[in-house]
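Chemist: To start, I am sharing the structure in question, which I have written as structure tokens.
The values are calculated or read from the model by the stated rules, or taken from the named source; none is laboratory data. These numbers were taken from a predicted model, which means no experiment stands behind them. For neighbour counting, all protein chains shown are included, and Cβ atoms are generated from backbone atoms with ideal geometry for every residue, glycine included. Calculation scope for accessible area: heavy atoms of the full protein, side chains included, ligands and nucleic acids excluded. Shrake-Rupley method; radii C 1.70, N 1.55, O 1.52, S 1.80 Å.
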Amino acid sequence: MLLNETLIDHVVACSSVRLRAVLELVRIEHVPPVVLALIAGYFLASREVNYEILITGALVATLAEFSLFALNDYYNIEEDRVNAPWRPLVRGDLAPKEALEIGVASLVLALTIATYLMLRYSMYLQLAVLIVFLSLGHAYNVRVKRVGPVGNFIVATTSSAPLLYGYTLAKVPDVDTLFLLILFYMTATLAMYGREVVKGVMDIEGDYRVGIRTWAIVYGCETAQKIAALCFFTAIALSLIAILYLTSVRAVLAYLPPILLTDAIYARSGLILLKYRLERRELEQIRRRTLLGAGIALIAYLLVGILR
């Protein structure tokens with residue numbers, strides 16, 4: 001009896017470890033901002049909600065993210081041994097083959113469900129946008145990451161892609177809000193680019209070992225920090241320019257508080273990057289703060305979409 005209980009406890013413990021490893025592999029914590037960005041993009045395009053399309057589109061975007069993250073860990077295991085030894089493949093909680101299987105299965109499911117949306121609702125643009133950003137993301141995982149600045153650009157554009165994908169889920173998008181969507185997308189992309197440059201400074205040792213030519217490695221950490229700060233300040237400027245294109249007072253009043261808070265976070269981070277040569281711990285704090293700022297900005301975009 002005692003042996004059986006011990007065996008059951010061992011099985012449960014092993015299952016718990018593997019489940020945790022899978023959730024870490026696919027970056028489950030990224031699901032809320034992905035879905036929030038998608039919903040914001042959708043409401044910028046349409047005030048009429050088709051819940052089947054919205055929920056199905058959110059599932060597609062989530063699976064696409066799962067695929068990109070799982071395959072990133074699969075291709076990136078040697079670098080992670082230095083920069084991120086806590087990742088599940090490096091720890092040995094999952095085998096590389098399992099990460100590959102999860103990544104490919106998520107990719108196939110995302111494309112299959114997006115194809116269903118296309119066939120059921122004649123929504124060709126959403127499938128095209130999905131294919132473009134998946135292609136960019138997987139090109140980054142396989143090869144382009146080694147060209148740091150280009151790789152940073154791909155990560156930034158694909159991280160902001162749920163905004164665009166959400167817009168394409170509307171049956172008849174409101175073209176009057178298209179320029180505003182582009183402004184929001186550019187703002188988010190610049191902010192994400194800056195965060196990726198900061199990550200390159202953090203990961204300089206591991207990147208150097210595996211031959212990734214980041215801004216920090218090619219031009220030095222101080223120059224890389226200045227580039228990241230410039231991205232943050234430019235994103236702030238674009239976020240304020242967007243106010244000129246809001247068409248109602250209530251949208252302006254809803255947009256201003258969260259976006260000003262976001263801008264304050266990014267401004268402080270940019271100033272710190274310009275003043276000091278930072279250690280890894282301090283850079284990680286900037287990454288966390290700016291991620292919080294990005295989430296607050298998504299709330300601002302959603303409020304504009306609802307109240308425009």
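Results for (1) assigned to a loop (DSSP other than H, G, I, E, B); (2) touching a Pro at 6+ places or on another chain (Cβ under 9 Å); (3) in contact (Cβ under 8 Å) with a residue 40 or more places away in the chain; (4) under 18 Å from residue 300 (Cα atoms), shown as yes or no for each residue.
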residue	(1), (2), (3), (4)
127	no, no, no, no
135	no, no, no, no
141	no, no, yes, no
185	no, no, no, yes
196	no, no, yes, no
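Chemist: Just give me the residues in the range 254-308 being under 19 Å from residue 220 (Cβ atoms) and in contact with a helix residue (DSSP H, G or I) (Cβ under 9 Å, 6 or more places away or on another chain), in sequence order.
Modeler: 270, 272, 273, 274, 276, 277, 278, 280, 282, 283, 286
Chemist: Which of the residues spanning the range 271-299 are part of a helix (DSSP H, G or I) and either free of Cβ contacts under 8 Å to residues at least 60 places away in the same chain or touching a Cys at 6+ places or on another chain (Cβ under 6 Å) (or both)?
Modeler: 271, 272, 274, 275, 281, 282, 285, 288, 289, 292, 296
Chemist: Collect the residues in the range 168-182 that are within 16 Å of residue 61 (Cβ to Cβ) and either small (Gly, Ala, Ser) or touching an Asp or Glu at 6+ places or on another chain (Cβ under 9 Å) (or both), keeping them in residue-number order.
Modeler: 170
Chemist: Here's another thing I want to ask about it. What are the residues in the range 54-77 that are open to solvent by less than 20 Å² (accessible area, probe 1.4 Å) and at pLDDT below 95, if any?
Modeler: Answer for the range 54-77, where residues must be open to solvent by less than 20 Å² (accessible area, probe 1.4 Å) and at pLDDT below 95: just 76.
Chemist: How about the range 14-53: which of its residues are open to solvent by 40 Å² or more (accessible area, probe 1.4 Å), touching a residue at least 60 places away in the same chain (Cβ under 8 Å) and touching an Asp or Glu at 6+ places or on another chain (Cβ under 7 Å)?
Modeler: 17, 18
Chemist: Also: For the range 180-222, give me each residue that is among the charged types (D, E, K, R) and either within 26 Å of residue 133 (Cβ to Cβ) or open to solvent by less than 30 Å² (accessible area, probe 1.4 Å) (or both).
Modeler: Hits for the range 180-222 are 195, 196, 199, 203, 207, 213.
Chemist: Quick one: would you say residue 181 is assigned to a helix (DSSP H, G or I), more than 26 Å from residue 288 (Cβ to Cβ) and over 16 Å from the mean Cα position of the chain (by Cα)?
Modeler: The answer is yes for residue 181.
Chemist: Answer yes if at least one residue in the range 129-138 is surrounded by fewer than 14 Cβ atoms within 10 Å (Cβ to Cβ) and aromatic (Phe, Trp, Tyr), and no otherwise.
Modeler: Checked the range 129-138: no residue is surrounded by fewer than 14 Cβ atoms within 10 Å (Cβ to Cβ) and aromatic (Phe, Trp, Tyr).
Chemist: Okay, moving on. Return the residue satisfying two criteria in turn: it lies in the range 246-263 and is open to solvent by 40 Å² or more (accessible area, probe 1.4 Å) and modelled with pLDDT of 95 or more, and of such residues it is farthest from the chain's Cα centre (by Cα).
Modeler: Among those residues, the one meeting the criterion is 249.
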